[in-house]
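First the structure, in the form of structure tokens, and then the observations on it.
The values are calculated or read from the model by the stated rules, or taken from the named source; none is laboratory data. Please read these numbers as outputs of a predicted model, since none were measured by experiment. A quick note on method: Cβ atoms are made from the backbone with ideal geometry, for glycine too, and the neighbour counts reach across all protein chains shown. Only protein heavy atoms, including side chains, enter the accessible area calculation; ligands, DNA and RNA are left aside. Shrake-Rupley method; radii C 1.70, N 1.55, O 1.52, S 1.80 Å.
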Amino acid sequence: MTPGKVLQPVLKMKVDELFLCWFSQPATQLTLKDCLRRIKNEEKTEIGNGDSGNSKNESPPQLSTTLPLSTSSSSRNISNVKGTRRSSGTRVVQAKKEETLPPSLSQTIPTFYFPRGCPKEKVNIDAVIAKIERTFSQFPNERATLDDMGKVAKACECPLYWKGPLFYCAGGERTGYVSVHKFVAMWRKILQTCYDDAAKFVHLLMNPGCNYLVQEDFIPFLQDVVNSHPGLSFLKEASEFHSRYITTVIQRIFYTVNRSWSGKITCNELRKSNFLQNVALLEEEADINQLTEYFSYEHFYVIYCKFWELDTDHDLYIDRKDLARHNDHAISSRMIERIFSGAVTRGRKAQKDGKISYADFVWFLISEEDKKTPTSIEYWFRCMDLDGDGVLSMYELEYFYEEQCQKLDNMAIEPLPFEDCLCQMLDLVKPQYEGKITLHDLKRCKLTNVFFDTFFNTEKYLDREERDQFSMLRDGEGESQELSDWEKYAAEEYDILVAEEAASDQWNDGITPLHLLGDFQNLLESCCTWSQVFKSCFQVRS
């Protein structure tokens, strides 16, 4: 054997050996003889009904899988058997072709997968197209601008703020208008291929050749909302904040809708979310702040001010030291390291330069202030799962709790031993498998915020330790509460910002008497925070 050559098993030899072993068994011999006898009787009957001239040369057929036996027989008989086997096999196939085959099982199963929506039985496309053509006839040269697309959207039986996507999908961005022929061709194709609102919306926004939406696909749609919604009219003169607001809304959309964390929103994900319902509400609700899940300007204001406070050089990126200052160093340094490790960030900036963007900060702040939503639970689970095996081991819990103990010692507070803390957390979560906590366990738990704060947020951990345990349970059971933890936080922070701005406005307008300047010096220093900087950069001219 050549050196270095690996021995390979000869499969055919092994198969032949097993076949001969099976073939030599008495039970096999009896079975084969019985089969040959039955085939021989059936063949005689068929030959009698057929051509009598060929019956003399035919001999009893053999099984197509039967090999010649090791008994004494002439080669002539073997060749006749083979010939008979071929002819009889041909007759059987011909007989089966003439029979009527029953319908296959797959034909009887109704279609159940509709990636572009379930087709509706009664949709008069021609009637919809005729209505659209009548609407275009009202415009000069039957051409619609972006301002006219509200009427076209209503003719298409779509919400008002679909007007931007309709305009851009029909090529209006290139020419500044949309002709009736081009729009009708585009909308007819959509009606013929997309059968629900989710599929239509994705088709309008997506890039050619894709069947999903990325973050950039939402920019033209949201820019039209900023330009035309009455609740955002004050932003028209502050164009520098358009991109900040749009970035915030896009991140909130992907935070809620993109449950797969893929960065690509599919029709199915959009269909399962309430985003399109919120888009429809834009037409009915003049106060944009009432749409708290995606479009609230007050929520954007709170998020951006928090980021502005941390971003000292105002390059729209923050590093580990910047993020550590959030909420007076409440987040542990080990958790900060995990956030910058790339476990929950999308861009390469965190790995390359050790910084995260404003978009990443939106995810962080919402997850930090509301740890009960599915996305926030997944966010912090990814951070705590150090080895990425899909479970939180006792080692990983102890790793984060060690720093909590050190911080409590520095505050002259005696920490709870890890063994006792672990017993409390296991009783709280009630994991399905002993010794490890899965993502499913945490999603079943109603007090996930208590669990996470125990391991990496000292301030909230101490706050909950001081509270009554029964009040915590009542909070966890109150699933039907009107406001989420994030909405409560955003409302409280916005009120604080408004109060600070009111104080700074009084100072800037000269309302404060001169003899009170000394008394208000300390107040001024406390009020001159990032909110004033933001306010001065964002004054709307009257």
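Can you tell me which of Leu316, Leu281, Leu270, Leu310 is touching a helix residue (DSSP H, G or I) at 6+ places or on another chain (Cβ under 9 Å) and at positive phi?
Details: Leu281 fails: at positive phi; Leu270 fails: at positive phi; Leu310 fails: at positive phi.
When all the criteria are applied, what remains is Leu316.
Could you check the stretch 313-345 and list, in sequence order, the residues that are open to solvent by less than 20 Å² (accessible area, probe 1.4 Å) and among the small types (Gly, Ala, Ser)?
If the condition is that a residue be open to solvent by less than 20 Å² (accessible area, probe 1.4 Å) and among the small types (Gly, Ala, Ser), then Ala330, Ser332 are the ones that fit.
Tell me, please, whether a residue that is at pLDDT 90 or above, assigned to a helix (DSSP H, G or I) and either among the aliphatic types (A, V, I, L, M) or surrounded by fewer than 17 Cβ atoms within 10 Å (Cβ to Cβ) (or both) can be found in the stretch 463-485.
Among the residues of the stretch 463-485, not one is at pLDDT 90 or above, assigned to a helix (DSSP H, G or I) and either among the aliphatic types (A, V, I, L, M) or surrounded by fewer than 17 Cβ atoms within 10 Å (Cβ to Cβ) (or both), which makes the answer no.
Any residue in the stretch 232-240 that is crowded, with 18+ Cβ neighbours inside 10 Å and not in a helix (DSSP H, G or I)? Break it down stepwise before answering.
Within the stretch 232-240, the first condition is being crowded, with 18+ Cβ neighbours inside 10 Å, and the residues that meet it are 235.
Now narrow it down to the ones that are not in a helix (DSSP H, G or I): none.
No, there is no match, as no residue in the stretch 232-240 is crowded, with 18+ Cβ neighbours inside 10 Å and not in a helix (DSSP H, G or I).
For the stretch 399-441, how many residues meet the condition of being exposed (fewer than 15 other Cβ atoms within 10 Å of the Cβ) and in a loop (DSSP other than H, G, I, E, B)?
Total satisfying the criteria: 10.
Looking only at the stretch 352-360, decide whether some residue is touching a strand residue (DSSP E or B) at 6+ places or on another chain (Cβ under 7 Å) and either open to solvent by 20 Å² or more (accessible area, probe 1.4 Å) or at pLDDT 95 or above (or both). Talk me through it step by step, then tell me what you get.
Filtering the stretch 352-360 down to residues touching a strand residue (DSSP E or B) at 6+ places or on another chain (Cβ under 7 Å) leaves 354-357.
Going one step further and asking which of them are either open to solvent by 20 Å² or more (accessible area, probe 1.4 Å) or at pLDDT 95 or above (or both), we end up with 355, 357.
Yes, the stretch 352-360 contains at least one residue that is touching a strand residue (DSSP E or B) at 6+ places or on another chain (Cβ under 7 Å) and either open to solvent by 20 Å² or more (accessible area, probe 1.4 Å) or at pLDDT 95 or above (or both).
Being of a type in the set (Asp, Glu) and modelled with pLDDT of 95 or more: is that true of Asp224 here?
Against the criterion (of a type in the set (Asp, Glu) and modelled with pLDDT of 95 or more), Asp224 qualifies.
Let me confirm something: among Glu378, Glu396, which residue is surrounded by 15 or more Cβ atoms within 10 Å (Cβ to Cβ) and touching a residue at least 40 places away in the same chain (Cβ under 8 Å)?
Answer to the selection: Glu378.
Would you check if there is a residue in the stretch 191-205 being free of Cβ contacts under 8 Å to residues at least 24 places away in the same chain and not acidic (Asp, Glu)?
Within the stretch 191-205, the first condition is being free of Cβ contacts under 8 Å to residues at least 24 places away in the same chain, and the residues that meet it are none.
No.
So which of Thr247, Thr256 ends up being under 25 Å from Ala153 (Cβ atoms), of a type in the set (Ser, Thr, Tyr), at pLDDT 95 or above and assigned to a helix (DSSP H, G or I)?
From the options Thr247, Thr256, the qualifying one is Thr256.
Every residue, every condition in (1) under 17 Å from the mean Cα position of the chain (by Cα); (2) outside any helix (DSSP H, G or I); (3) surrounded by fewer than 22 Cβ atoms within 10 Å (Cβ to Cβ); (4) without any contact (Cβ under 8 Å) to a residue 12 or more places away in the chain, yes or no:
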{"site": "Trp261", "(1), (2), (3), (4)": "yes, yes, yes, no"}
{"site": "Asn268", "(1), (2), (3), (4)": "yes, no, yes, no"}
{"site": "Leu276", "(1), (2), (3), (4)": "yes, no, yes, no"}
{"site": "Leu281", "(1), (2), (3), (4)": "no, no, yes, yes"}
{"site": "Phe295", "(1), (2), (3), (4)": "no, yes, no, no"}
{"site": "Tyr301", "(1), (2), (3), (4)": "no, no, no, no"}
{"site": "Tyr304", "(1), (2), (3), (4)": "no, no, no, no"}
{"site": "Trp308", "(1), (2), (3), (4)": "no, no, yes, no"}
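Just wondering, is there one or more residues in the stretch 167-185 that are β-branched (Val, Ile, Thr), surrounded by 12 or more Cβ atoms within 10 Å (Cβ to Cβ), in contact (Cβ under 8 Å) with a residue 40 or more places away in the chain and closer than 29 Å to Thr247 by Cα?
No, the stretch 167-185 has no match at all.
Please verify whether Val152 is under 22 Å from Leu281 (Cβ atoms), free of Cβ contacts under 8 Å to residues at least 60 places away in the same chain and either crowded, with 16+ Cβ neighbours inside 10 Å or of a type in the set (S, T, N, Q) (or both), treating the condition exactly as stated.
Numbers: under 22 Å from Leu281 (Cβ atoms): yes; free of Cβ contacts under 8 Å to residues at least 60 places away in the same chain: yes; either crowded, with 16+ Cβ neighbours inside 10 Å or of a type in the set (S, T, N, Q) (or both): yes.
Judged against the criteria, Val152 is a match.
Residues are listed down the side, and each one gets a yes or a no for (1) in contact with a Lys or Arg (Cβ under 9 Å, 6 or more places away or on another chain); (2) open to solvent by 80 Å² or more (accessible area, probe 1.4 Å); (3) modelled with pLDDT of 50 or more; (4) not in a loop (DSSP other than H, G, I, E, B):
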{"residue": "Lys14", "(1), (2), (3), (4)": "no, yes, yes, yes"}
{"residue": "Glu17", "(1), (2), (3), (4)": "no, yes, yes, yes"}
{"residue": "Leu20", "(1), (2), (3), (4)": "no, yes, yes, yes"}
{"residue": "Ala27", "(1), (2), (3), (4)": "no, no, yes, yes"}
{"residue": "Leu30", "(1), (2), (3), (4)": "no, yes, yes, yes"}
{"residue": "Asp34", "(1), (2), (3), (4)": "no, no, yes, yes"}
{"residue": "Arg37", "(1), (2), (3), (4)": "no, yes, yes, yes"}
{"residue": "Lys44", "(1), (2), (3), (4)": "no, yes, no, yes"}
{"residue": "Ile47", "(1), (2), (3), (4)": "no, no, no, yes"}
